[in-house]
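Structure first, then comments.
The values are calculated or read from the model by the stated rules, or taken from the named source; none is laboratory data. Bear in mind the structure is a predicted one, so any value in this text is a computation, not a measurement. Methodologically, a virtual Cβ is constructed for each residue, glycine included, from the backbone with ideal geometry; neighbour enumeration extends over all protein chains shown. Heavy atoms of the whole protein, side chains included, go into the accessibility calculation; ligands, DNA and RNA do not. Shrake-Rupley method; radii C 1.70, N 1.55, O 1.52, S 1.80 Å.
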Amino acid sequence: MPEGDSVHRLAARLRAVADGALVERGELRSGAAAGTRLDRRRVVEHVTHGKHLLTRFDDATTLHTHLRMQGSWTVTRPGRVVPRRVQPQVRVRLQLGDGHTLWGVDLPVVELLPTRDERTVVGHLGPDPLRDDWSATEAATRLLADPARPIRAALLDQRTVAGLGDLWVNEVGFLRGVHPAMPVGDVDLPPLLALAARLLWASASGAAGYQVTTGSTRRGESHWVVGRAGRPCLRCGTTVLARDDTGSTSERPRRAWWCPRCQPAGRRAA
């Protein structure tokens, strides 16, 4: 599933092509508003909150989309369209005045709503490290509302912190020496949240390599623990462990990765 940095980068790409542009022809092909024409609306801006993308138009409406596991957005140049095999999966089409076209492909969430009602779709989300209104204090408060909850489950809950997914939760846990099952109340939250925000920003901006946490872009070495089950820890050599979280509320199993030496169970992180 794309994480907050993925959607942030997507919004920047769409923003560069579409913000301020007039939609010459366009329509929704999915969701409750399927069949709605978007012709003659002007794109005002693209905004993200966690993994949610909000495309605002000049008629005070907002297109809310979410990629989940399978969705994507593609931009084609004037005179080009997406391949024929992809056409049946198009859920949103926005052909702009300069000929560029935005294609929302296989999007599981497509909603058109009044901009004033955006809170109905994103109001439940916690603070997002990639937004100007990010508050680590508010995020810590939400996390500590259930101090006995395992830190990994708490961080994956978009109602506490928006935008963190499997990759960042597992990698931040390793870097802070926090076992995935450690209770929230036993975790030193301020440095953990500061690290998560810093890594997410670096990835979103491309400054240190997209979703690279080790500093190495070599194959198999870009992550400390994610995807390394059964392989030696890059720091201490201990075999990295993994398990599926069968109690997850996600639409798919969520996997935890950790190094039992660098992230020992039952010990408060330094």
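When GLY209, GLY185, GLY215 are screened for being more than 15 Å from the chain's Cα centre (by Cα) and assigned to a helix (DSSP H, G or I), only GLY185 passes.
Among the criteria (1) loosely packed, with under 14 Cβ neighbours inside 10 Å; (2) assigned to a loop (DSSP other than H, G, I, E, B), the one LEU125 does not fulfil is (1). Pairs are defined by a Cβ separation below 9 Å, a sequence spacing of at least 6 or placement on different chains, a first member in the stretch 110-133 that is polar (S, T, N, Q), and a second member that is part of a strand (DSSP E or B); the pairs so defined are THR115/VAL44; THR115/LEU54; THR115/ARG56; THR115/PHE57; THR115/THR61; THR115/THR62; THR120/LEU113. Residues in the stretch 38-87 that are open to solvent by 30 Å² or more (accessible area, probe 1.4 Å), farther than 16 Å from LEU113 by Cβ and outside any loop (DSSP other than H, G, I, E, B): ARG42, SER72, THR74, VAL75, GLN87. Taken as a whole, the structure places ASP133 among residues that are more than 16 Å from the chain's Cα centre (by Cα), within 30 Å of THR61 (Cβ to Cβ) and surrounded by fewer than 18 Cβ atoms within 10 Å (Cβ to Cβ). For the stretch 163-186, the candidate set comprises residues that are hydrophobic (A, V, I, L, M, F, W, C) and closer than 15 Å to LEU199 by Cβ; within that set, the residue that is most open to solvent (accessible area, probe 1.4 Å) is LEU175.
Check the stretch 206-213 and report whether any residue there is open to solvent by 40 Å² or more (accessible area, probe 1.4 Å) and within 22 Å of LEU125 (Cα to Cα). Within the stretch 206-213, none of the residues are open to solvent by 40 Å² or more (accessible area, probe 1.4 Å) and within 22 Å of LEU125 (Cα to Cα). For the stretch 6-26, the criterion of a residue being out of contact with any strand residue (DSSP E or B) (no Cβ under 8 Å at 6 or more places or on another chain) and over 24 Å from SER135 (Cα atoms) is satisfied by at least one position. Only one entry of ALA196, ALA202, ALA153 meets the criterion of being assigned to a helix (DSSP H, G or I), open to solvent by 10 Å² or more (accessible area, probe 1.4 Å) and more than 21 Å from LEU241 (Cβ to Cβ), and that entry is ALA202. May I ask you to verify whether PRO147 is in contact with a helix residue (DSSP H, G or I) (Cβ under 7 Å, 6 or more places away or on another chain), under 20 Å from PRO183 (Cα atoms), modelled with pLDDT of 95 or more and open to solvent by 10 Å² or more (accessible area, probe 1.4 Å)? So PRO147 passes the test. Residues in the stretch 251-264 that are at pLDDT below 90 and out of contact with any helix residue (DSSP H, G or I) (no Cβ under 8 Å at 6 or more places or on another chain) were compared, and the one that is surrounded by the fewest Cβ atoms within 10 Å (Cβ to Cβ) is GLU251. If the condition is being open to solvent by 30 Å² or more (accessible area, probe 1.4 Å) and either out of contact with any Phe, Trp or Tyr (no Cβ under 7 Å at 6 or more places or on another chain) or not aliphatic (A, V, I, L, M) (or both), then the stretch 223-234 contributes HIS223, TRP224, GLY227, GLY230, ARG231, PRO232. It is to be established whether one or more residues within the stretch 32-51 are touching a Phe, Trp or Tyr at 6+ places or on another chain (Cβ under 9 Å), touching a residue at least 40 places away in the same chain (Cβ under 8 Å) and closer than 28 Å to LEU156 by Cβ. No, that holds for no residue. I'm checking my understanding of the structure. Among residues of the stretch 1-21 that are among the aliphatic types (A, V, I, L, M) and not in a helix (DSSP H, G or I), which one is nearest to LEU96 (Cα to Cα)? Within the stretch 1-21, the match that is nearest to LEU96 (Cα to Cα) is ALA21.
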